[in-house]
Each structure stands twice: as structure tokens, then as C-alpha cells.
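K.L.:
First the structure, then my questions, so here it is.
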Amino acid sequence: MALYSNTIAKMKLGIKPSLFFIIILLNTAACNTHEKPLKETRFEEAINFSRNLIDSLQKSSLVPGLDIAVAIDGKTIWSEAFGFADLELKTPVVSGKTRFRIGSVSKPLTTTALAVLMDSNRINIDLPVDHYVGYLPEKQYKFTTRQLSGHIAGIRNYKGNEFFNTRHFNTVKDGLSMFIEDSLIYEPGTQYKYTSHGFNLLSAVIEGASEQTFLRFIHNTVFDPIGMESTCADLNDSIIINRTSFYKINGNGTIENAPYVDNSYKWAGGGFISTTSDLILFGQAMMKPGIVSEKTLTEITTSQVLDSGAETHYGIGWQIWKQDGRKVYGHGGGSVGGITVFKIYPEDELVIVILSNLSDLKFGNIPDRITNAFLTAKNE
């Protein structure tokens, strides 16, 4: 069992659980055995193969807790939790319910709020950003919302210890003070430079176009309509039920608490928490027209192009891949205390989500191997 395996890994680190704890743990694992939502024997081999991969990763990388879900054709085929949401309290991860930091997977969520504005003709993404953000200081070049959402506007990324910010910002505008006075680092449209700060500015664009606060607008137009009841801003001063604790591996190779951070400066770029069940719902909603129109869905999931004609492999808030000739879009997410995988395979109607509560975790090719196992089973 994954939970029991994690206990063994912890014992190797010198943490000795009592016999009573082991009995409780085994009972908890038995109670949390997940009945497969789709009872089709053709996926049994893929599930067992994938479970072994995740179990091995958890033990080899000392990951306190993970949650994974795979959905095909609108149904969750596999959903399973591994390890602990809180090591001190010995609280297990509960599949589909434990809330993890999702890092830059926040960007496609933000883009969907932008897409709602596009569909309702409340924004023109080819107008300069200062058309919607009147307080933006004048820069050496103008840049558009389209460029901003594709990381080609010239906005810088983190510098120094900004990623580990501990200061609280009450508004989107306040959070922009971290970078808004800085000059652009290149002429817009000429380079691709990934920037979470750019998405923080995008949330100000959304506020200007919608005439609502960013958090209220994204809840009203994205989370609530899709049914994402567990997705919210990672507010440090709020009691958020089922929120995981956050961990890192220190220089001695042992687990410790991740440093305290305040993500209030970057809700749009990397500040949300969510669950596998919510992100599966989101992936299914963004696979076909519905929450956004077919035209807009195609537009946001198509690579942008630099002035040179080179593709960036990034659309409007979405990373874009090719895997074995298949179109894939989604996003990776890196947080203090969490690494996330989120991919959509629209032609195969497959969504995969993996959430963790450990900084700097390397998934390698494991998500692709899992996906291939399920696609092979589906197509047999």
C-alpha cells in the first residue's frame, strides 16, 4: 500500500512510528481504498503500472504526499492518494479532496477568465495593456494583452528572493508594486521569456475590463460554473479545510517544512490551491466548447508567433506540446511546497492531474508513461 510504503520510507529517515500508529495507518489505508469509477478490466493493467510508478517515485524522492487522477471520455478512470498531507498530524492525503498548491497551473485558470471576457466582447486583447490598466507606468514600448498572456511582452520574471515573498498584499494593484516600475527587458514580440509577473499584470487587465476584483470575477465566471468548489486563493490567514502542509528536502536529504511564503502578489500567476477532482473538471471543461466558445478555445490553445515567425509553443496562458503526433495542452506548476502536472489530450479526451506537497520534485517522464499506458489500453 502506498501509505504503508511511505511509513517504511520515513522509518529509514529515523522516524519510528509506534505499533499503534502502524495499525491505525493500515486501517486508514483500507478505508481509503478507491473504488474505480469506471469498471472496465481493460484499464486494470494501466492502473497497476501507474500505481507502481507513483509508489516508486514517492519512496525514491521522499515525497510526503501525492494525489493523481486520470479521466477519459468524461469519466474518471483512476483516482488515488499516496502518503500524507501532514506528517506531524499523520493526516493522509484524501484523493480528490486534499488541496495542494498548483503553482503556474493558475495561469490557465486565469486565461479562462480572460476568455470569458473575449467571448462577451468586453476586451480586445490586441489593444495596449494600458487601455485597461490606467495606472500602468509608461514604458519604452507598448504591449498588448495577447503578448502579455503569451510571455512575449517584455515583462521580467522573478529576481532575488521574490519567489519566497512573505509580505501580504491586499489588492492586485498593490502586488504589482514588486515589478511595475521596471523597464521592459526586450521589445515586445521579439522574444519569449516566461514570466509569472506578466500574469499578475494580466489579472489587473481582467479587473479593468470586468470592473470587478480578479478573485471575485474568476470565481463567478470560471470556478462556480464548472463546479470547482475546492479551488481558491491560497490565503494564509484563512482556515481552508483539507489544505495540505508544505515540505522540502533540505541539504541533508531529509524532509522539513517548506519556508513560509505569502502568495498574495500572484494569485493569477501561481497563487491558487486546488484538488485533482477540480482540475479534472476544469480539464474536461476546456477540452470542448462550453465555458468558452470554440473559436476562443482554439485561439488560446494555439501557439503564439514571434515577429521572426518562430512559434513559442505557448498560446494564451497554455503550454502546447506534441506527444507521439498528438496535440497536448496544459501547464506545469512549481510552488514552494508543491509541484503539479496538468495535461489535456483533446483528441483522446484524456486529462491527467498529479499534485504533490514537496518543492523541487522531478517527475521526469512518468506522466507521459502513465498517459501512454492509458491510451494504449483505451485503443486496444
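K.L.:
Being open to solvent by 10 Å² or more (accessible area, probe 1.4 Å), farther than 29 Å from H313 by Cβ and part of a loop (DSSP other than H, G, I, E, B) is true for just one of Y135, Y141. Which residue is that?
P.N.:
Y135 is the lone residue from the list that is open to solvent by 10 Å² or more (accessible area, probe 1.4 Å), farther than 29 Å from H313 by Cβ and part of a loop (DSSP other than H, G, I, E, B).
K.L.:
Taking the stated definitions as given, is K142 under 23 Å from E299 (Cβ atoms), touching a strand residue (DSSP E or B) at 6+ places or on another chain (Cβ under 6 Å) and either among the charged types (D, E, K, R) or in contact (Cβ under 8 Å) with a residue 24 or more places away in the chain (or both)?
P.N.:
Numbers: under 23 Å from E299 (Cβ atoms): yes; touching a strand residue (DSSP E or B) at 6+ places or on another chain (Cβ under 6 Å): yes; either among the charged types (D, E, K, R) or in contact (Cβ under 8 Å) with a residue 24 or more places away in the chain (or both): yes.
So K142 passes the test.
K.L.:
Could you tell me which numbered condition I180 fails, if it satisfies all but one of (1) open to solvent by less than 30 Å² (accessible area, probe 1.4 Å); (2) within 24 Å of A258 (Cβ to Cβ); (3) without any contact (Cβ under 8 Å) to a residue 60 or more places away in the chain?
P.N.:
Of the numbered conditions (1) open to solvent by less than 30 Å² (accessible area, probe 1.4 Å); (2) within 24 Å of A258 (Cβ to Cβ); (3) without any contact (Cβ under 8 Å) to a residue 60 or more places away in the chain, the odd one out for I180 is (2).
K.L.:
In this structure, does G154 turn out to be over 23 Å from the mean Cα position of the chain (by Cα), surrounded by 15 or more Cβ atoms within 10 Å (Cβ to Cβ) and either in a helix (DSSP H, G or I) or of a type outside the set (V, I, T) (or both)?
P.N.:
yes
K.L.:
Moving on. Quick check, is A115 out of contact with any Lys or Arg (no Cβ under 9 Å at 6 or more places or on another chain) and either crowded, with 22+ Cβ neighbours inside 10 Å or over 30 Å from T371 (Cα atoms) (or both)?
P.N.:
Answer is yes for this residue.
K.L.:
Take the residues in segment 66-87 that are of a type in the set (D, E) and assigned to a strand (DSSP E or B); name whichever of them is farthest from E256 (Cα to Cα).
P.N.:
Filtering segment 66-87 for residues of a type in the set (D, E) gives 67, 73, 80, 86.
Imposing the further condition that a residue be assigned to a strand (DSSP E or B) reduces the set to 67, 80, 86.
Details: D67: 20, E80: 24, D86: 11 Å.
Result: E80.
K.L.:
Within segment 308-331, does at least one residue satisfy the condition of being in contact with a helix residue (DSSP H, G or I) (Cβ under 8 Å, 6 or more places away or on another chain) and basic (K, R)?
P.N.:
yes
K.L.:
Condition test on I102, is it open to solvent by less than 10 Å² (accessible area, probe 1.4 Å) and touching a strand residue (DSSP E or B) at 6+ places or on another chain (Cβ under 6 Å)?
P.N.:
Taking the combined requirement at face value, the residue satisfies it.
K.L.:
Considering only residues that are assigned to a helix (DSSP H, G or I) and surrounded by fewer than 24 Cβ atoms within 10 Å (Cβ to Cβ), which ones fall in segment 325-370?
P.N.:
Of all residues in segment 325-370, those assigned to a helix (DSSP H, G or I) come to 346-348, 366-370.
Correct list: P346, E347, D348, I366, P367, D368, R369.
K.L.:
Within segment 344-375, track down each residue that is charged (D, E, K, R) and more than 21 Å from D55 (Cβ to Cβ).
P.N.:
E347, D348, E349
K.L.:
Can you tell me which residues in segment 327-373 are without any contact (Cβ under 8 Å) to a residue 24 or more places away in the chain and farther than 30 Å from T144 by Cα?
P.N.:
E347, G364, N365
The values are calculated or read from the model by the stated rules, or taken from the named source; none is laboratory data. Predicted model, so just to flag it, every value in this text is computed and none were measured. No Cβ is skipped: glycine too gets one built from the backbone with ideal geometry, and neighbour counts run over all protein chains shown. Surface areas here come from the heavy atoms of the whole protein model, side chains and all, with no ligands, DNA or RNA. Shrake-Rupley method; radii C 1.70, N 1.55, O 1.52, S 1.80 Å.
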